[in-house]
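Structure, as structure tokens:
The values are calculated or read from the model by the stated rules, or taken from the named source; none is laboratory data. Just so it is clear, the structure is predicted and the values come from calculations on it, not from any experiment. Ideal geometry is used to build each Cβ from the backbone, glycine not excepted, and the neighbour counts take in all protein chains shown. The protein model used for the area step is the full one, side chains on, heavy atoms only, and it has no ligands, DNA or RNA in it. Shrake-Rupley method; radii C 1.70, N 1.55, O 1.52, S 1.80 Å.
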Amino acid sequence: MFAVRNEESALDIVQDAMMKLAEKYGDRPAGELPMLFQRILQNTIRDFYRRSKVRSLWTTLLSALSPSDDEDHDPLETFTSESGSYSPQLPDEQLEQTQVLAIIEKEIKSLPARQREAFLLRYWEDMDVAETATAMGCSEGSVKTHCSRANHALAAALKAKGITL
């Protein structure tokens, strides 16, 4: 289960989940509501993380694809951004960002399964190394290795296409 660390966001998520429950399942027997609410809440939290990841994907990928020869380097723990996300203002910048993101998505799909899984859990689902290791059923060292290899493979693939981040 994901944890929402921002109290205001957590309250918004609970409110949204309660509204969805009332709107869609208000006619159900009271005994069914707790399980329905739990499922709606889980989905609402996942949606929150997906939306926040899409908004900050650009900066996350910048940090994730930064070259590092250190296998233990964790860009999520060292990256800081003043604005929190990159939002292009001009149409040509928006087009360029869309094109680069499409290329990155294609390259992520071409990664070996374990590297792709580790990369997406760490940088898309925002799991820490321990959570990722548990989800993948492997050691934390394996997660770090898979993420490092994925980062290097993505950086090399983008560099080969003339994309520098």
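What to note about this one:
- Sole residue being surrounded by 15 or more Cβ atoms within 10 Å (Cβ to Cβ), in contact (Cβ under 8 Å) with a residue 60 or more places away in the chain and within 16 Å of the chain's Cα centre (by Cα), chosen from 117, 125: 125
- Members of region 96-112 found to be closer than 27 Å to residue 139 by Cβ and open to solvent by less than 60 Å² (accessible area, probe 1.4 Å), listed by number: 107, 108, 111
- Criterion applied to 55, 5 was being surrounded by fewer than 12 Cβ atoms within 10 Å (Cβ to Cβ), at pLDDT below 90 and not aliphatic (A, V, I, L, M), and the one residue passing it is 5.
- Residue selected from region 128-140 under the condition in a helix (DSSP H, G or I) and either of a type in the set (Val, Ile, Thr) or open to solvent by less than 40 Å² (accessible area, probe 1.4 Å) (or both), by the criterion nearest to residue 114 (Cα to Cα): 136
- Identity of the residue in region 145-164, out of contact with any Cys (no Cβ under 9 Å at 6 or more places or on another chain), in a helix (DSSP H, G or I) and not hydrophobic (A, V, I, L, M, F, W, C), that ends up most open to solvent (accessible area, probe 1.4 Å): 159
- Members of region 1-51 that are closer than 17 Å to residue 125 by Cα and basic (Lys, Arg): 5, 46, 50, 51
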